[in-house]
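The values are calculated or read from the model by the stated rules, or taken from the named source; none is laboratory data. Bear in mind that the values here come from a model prediction, so they are computed numbers and not experimental data. Glycine also receives a Cβ, built like all others from the backbone with ideal geometry; neighbour counts cover every protein chain displayed.
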């Protein structure tokens, strides 16, 4: 504060200090006001940037939603197309396999007649051609089913000895034609799997082993280890190089390009798909020019104490004179059955095209066994025919259901009704095996 009695120079100093303080205060006020303004400006700029980014994000989200809708429509279309393909193949399989089954029965009957060398060769070549077509059709149908997202399995206890018997009847002639030994080790093991797809797995492994084995043989067995039962297929073939052990499970992959070795390279692809779907681990070990072994791990259910001994040719005479009632709407198939049952097996065939005709044909004398096709005319089915015939007979007549449909529902119904399931195309040797087991 200035005082009147202060000297002039002191008053000047005080005024200078006061002025400087005022100037500093004004500067600070200006700085604060400038900082607030800058902050305000920055806030406004940031808000504008946020609005711009929000608009960009909204446009991106709208675009993504549109893309998701388009993908959902495309996926739904693809799934519907896949379902349509599966439905078409399932429906067409009966019409495709029906003439093949009839042709196989006729060829088998023809092979039993006297022929010269040229005719025998033609018959063998025709049989090989039909075999190739059947294998390709089965492969296409199996891959279609296994690639379907809605595939349904019918898991149940499967007796491996019964599976081995059916495989022996199917592949013994093939191995014999190549001069190979084919052995199935007896087993009482019972495993948990889908019986149709487990058989397909084993069929492809055995077929592959025979295909790539030129001398020696193939052995099939089952070994229990660690709570699992390992179905094993051994061969003395060419072996699989280490670099090819992953490739061979892809489609259309073959170890050799030798034209003399049949096949399209689809068998192991089906094995891989089926094992993955059923959660069955698969492994292989191989040594060049010494052979290969494939192993499939199956959950062990138990052992079959009543496992029947292997069927031999001595059991076939038990079929002679026995009556078989065939319910089949296709005339060629009926004729084929008649020739095989009568001429090869010595049975007495009675033929009918549907349930009503079968009941009329049976009369008061029930047959010893019923052989019925699943798909009949006008909504009629083999199940309806067998049920009606059993009811008329007053007892559960042994029955075999024949079908080209790979439907787990059919398999479950057969198991529930106590009848055997036989897939088309019908092989005479397998048919004889089943009938002998039912009637012997």
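Quick rundown of the values:
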| read-out | value |
| --- | --- |
| Meets criteria (in a strand (DSSP E or B), touching a helix residue (DSSP H, G or I) at 6+ places or on another chain (Cβ under 7 Å), in contact (Cβ under 8 Å) with a residue 24 or more places away in the chain and crowded, with 21+ Cβ neighbours inside 10 Å) for residue 400 | yes |
| Flag for residue 437 being more than 14 Å from residue 101 (Cβ to Cβ), at pLDDT below 80 and not in a strand (DSSP E or B) | no |
| Members of segment 184-208 that are under 18 Å from residue 239 (Cβ atoms) and either at pLDDT 90 or above or in a strand (DSSP E or B) (or both) | 205, 206 |
| Every residue from segment 109-131 that is surrounded by 11 or more Cβ atoms within 10 Å (Cβ to Cβ), more than 20 Å from residue 344 (Cβ to Cβ) and either at pLDDT below 75 or under 30 Å from the mean Cα position of the chain (by Cα) (or both) | 128, 129 |
| Residue list for segment 308-345, filter: at pLDDT 90 or above, touching a helix residue (DSSP H, G or I) at 6+ places or on another chain (Cβ under 9 Å) and outside any helix (DSSP H, G or I) | 322, 324, 325, 326, 327, 328 |
| Residue list for segment 355-382, filter: within 15 Å of residue 334 (Cα to Cα) and under 36 Å from the mean Cα position of the chain (by Cα) | 355, 358, 370, 371, 372, 373, 374, 375, 376, 377, 382 |
| Segment 378-397: number of residues that are part of a helix (DSSP H, G or I), within 11 Å of residue 327 (Cβ to Cβ) and without any contact (Cβ under 8 Å) to a residue 60 or more places away in the chain | 6 |
| Candidates 379, 418, 394 - the one that is touching a strand residue (DSSP E or B) at 6+ places or on another chain (Cβ under 9 Å), modelled with pLDDT of 85 or more and surrounded by fewer than 20 Cβ atoms within 10 Å (Cβ to Cβ) | 418 |
| Counted residues, segment 346-373 - those being under 12 Å from residue 390 (Cα atoms), modelled with pLDDT of 90 or more and in a helix (DSSP H, G or I) | 3 |
| Lone qualifier among 65, 101, 77 - being at pLDDT 75 or above, under 30 Å from residue 382 (Cβ atoms) and surrounded by 10 or more Cβ atoms within 10 Å (Cβ to Cβ) | 101 |
| Residue count, segment 224-253 (criterion: in a strand (DSSP E or B) and modelled with pLDDT under 90) | 3 |
| Residues of segment 214-223 satisfying the condition of being in contact with a strand residue (DSSP E or B) (Cβ under 9 Å, 6 or more places away or on another chain) and surrounded by fewer than 22 Cβ atoms within 10 Å (Cβ to Cβ) | 216, 217, 219, 221, 223 |
| Some residue of segment 280-298 being out of contact with any strand residue (DSSP E or B) (no Cβ under 8 Å at 6 or more places or on another chain), under 30 Å from residue 437 (Cα atoms) and at pLDDT below 90 | no |
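Residues checked against (1) modelled with pLDDT of 70 or more; (2) over 30 Å from residue 152 (Cβ atoms); (3) in a helix (DSSP H, G or I):
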residue	(1), (2), (3)
18	no, yes, yes
26	no, yes, yes
29	no, yes, yes
32	no, yes, yes
39	no, yes, yes
48	yes, yes, yes
55	yes, yes, yes
87	no, no, yes
